[in-house]
1. Need the failing condition index for Val77 against (1) closer than 18 Å to Glu124 by Cα; (2) modelled with pLDDT under 95; (3) of a type outside the set (D, E, K, R), just the number.
2. Among the residues of region 143-162, is there at least one that is under 25 Å from Lys57 (Cα atoms), surrounded by 14 or more Cβ atoms within 10 Å (Cβ to Cβ) and not charged (D, E, K, R)?
3. From the list Phe141, Phe167, exactly one residue is under 27 Å from Glu104 (Cβ atoms), touching a residue at least 12 places away in the same chain (Cβ under 8 Å) and either aromatic (Phe, Trp, Tyr) or out of contact with any Leu (no Cβ under 7 Å at 6 or more places or on another chain) (or both). Which is it?
4. Could you pull out the residue among Phe140, Phe133 that is at pLDDT 95 or above, hydrophobic (A, V, I, L, M, F, W, C), closer than 23 Å to Trp53 by Cβ and in contact with a helix residue (DSSP H, G or I) (Cβ under 7 Å, 6 or more places away or on another chain)?
5. Check off (1) farther than 18 Å from Pro42 by Cα; (2) out of contact with any Phe, Trp or Tyr (no Cβ under 6 Å at 6 or more places or on another chain); (3) at pLDDT 95 or above for Leu160 and give me the number that stays unchecked.
6. Looking only at region 1-15, which residues are farther than 19 Å from Leu92 by Cα, assigned to a helix (DSSP H, G or I) and out of contact with any helix residue (DSSP H, G or I) (no Cβ under 8 Å at 6 or more places or on another chain)?
7. Criterion first (touching a residue at least 40 places away in the same chain (Cβ under 8 Å) and in contact with a Phe, Trp or Tyr (Cβ under 6 Å, 6 or more places away or on another chain)) does Ile54 satisfy it?
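The values are calculated or read from the model by the stated rules, or taken from the named source; none is laboratory data. This structure is a prediction, so every number in the text was calculated from the model and none was measured. Cβ placement follows ideal geometry from the backbone for every residue including glycine, while neighbour counts extend to all protein chains displayed.
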Amino acid sequence: MSPLEDILLQFYASVADREKGAAYIDENPAYFQELFSLACSPEKERKHIVAAWILEKYTLERLALLTPMLSSFLIGVAQQKHESKRRPMIKLLFHFCKDKKRREAINTTQRDQIVTLCFDYMLEAKKAAALAFSLKTLHFFRRHQDWIEAELQAYIEQRLPNSSPGFRAVVRQIS
């Protein structure tokens with residue numbers, strides 16, 4: 001087990017532990033790549049889940065770190081099936097895409113990947129946060145291809161009648 005894995009297993013879901021983990025990576029930037037790999041892995045062990053939480057905390061303030069590794073990150077986001085890993089990964093993607101210049105630099109293949117994984121998350125999400133970030137991220141790319149906006153609208157119309165207040169709030173936000 002690597003020193004990073006040992007440290008990750010000492011942390012829990014608390015904000016304080018996520019901050020400690022981010023501080024550790026800040027002090028030991030050589031471990032960022034390993035953290036990234038653990039977080040992007042489809043594995044569902046505790047060290048992988050904690051890695052996703054710390055990657056989110058650390059990278060939210062350093063989103064440019066994702067630019068050179070966007071293709072790998074998208075693969076990592078797409079292969080997540082554990083809800084505790086999905087939320088931080090899709091949240092990072094949303095915040096990365098929120099910047100118009102970064103969004104415009106995303107190539108067509110990556111845009112296609114983002115659209116696919118957002119729809120996958122929307123269809124499979126069990127928790128509201130992953131669904132909300134998926135909807136908001138997909139909204140950025142609704143004009144990437146003709147069919148996207150129509151499918152997004154159809155999805156919203158289907159879910160709206162029996163939706164939670166949180167879902168309705170996200171729909172209002174993107175409408």
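1. (2)
2. Of the residues in region 143-162, the ones under 25 Å from Lys57 (Cα atoms) are none.
No, region 143-162 contains no residue that is under 25 Å from Lys57 (Cα atoms), surrounded by 14 or more Cβ atoms within 10 Å (Cβ to Cβ) and not charged (D, E, K, R).
3. Working: Phe167 fails: under 27 Å from Glu104 (Cβ atoms).
Exactly one of Phe141, Phe167 is under 27 Å from Glu104 (Cβ atoms), touching a residue at least 12 places away in the same chain (Cβ under 8 Å) and either aromatic (Phe, Trp, Tyr) or out of contact with any Leu (no Cβ under 7 Å at 6 or more places or on another chain) (or both), namely Phe141.
4. On the way: Phe140 fails: closer than 23 Å to Trp53 by Cβ.
Only one candidate passes the filter, namely Phe133.
5. (3) is the only condition that Leu160 fails.
6. Start the filter on region 1-15 by keeping residues that are farther than 19 Å from Leu92 by Cα, which leaves 1-12.
Those left that are additionally assigned to a helix (DSSP H, G or I): 3-8.
Matches in region 1-15: Asp6 only.
7. Values: touching a residue at least 40 places away in the same chain (Cβ under 8 Å): yes; in contact with a Phe, Trp or Tyr (Cβ under 6 Å, 6 or more places away or on another chain): no.
Criteria not met by Ile54.
Per-residue answers, yes or no, for (1) exposed (fewer than 14 other Cβ atoms within 10 Å of the Cβ); (2) farther than 23 Å from Asp17 by Cα; (3) at pLDDT 95 or above:
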| site | (1), (2), (3) |
| --- | --- |
| Ile54 | no, no, yes |
| Leu60 | no, no, yes |
| Pro68 | yes, yes, yes |
| Met89 | no, no, yes |
| Arg103 | no, yes, yes |
| Tyr121 | no, yes, yes |
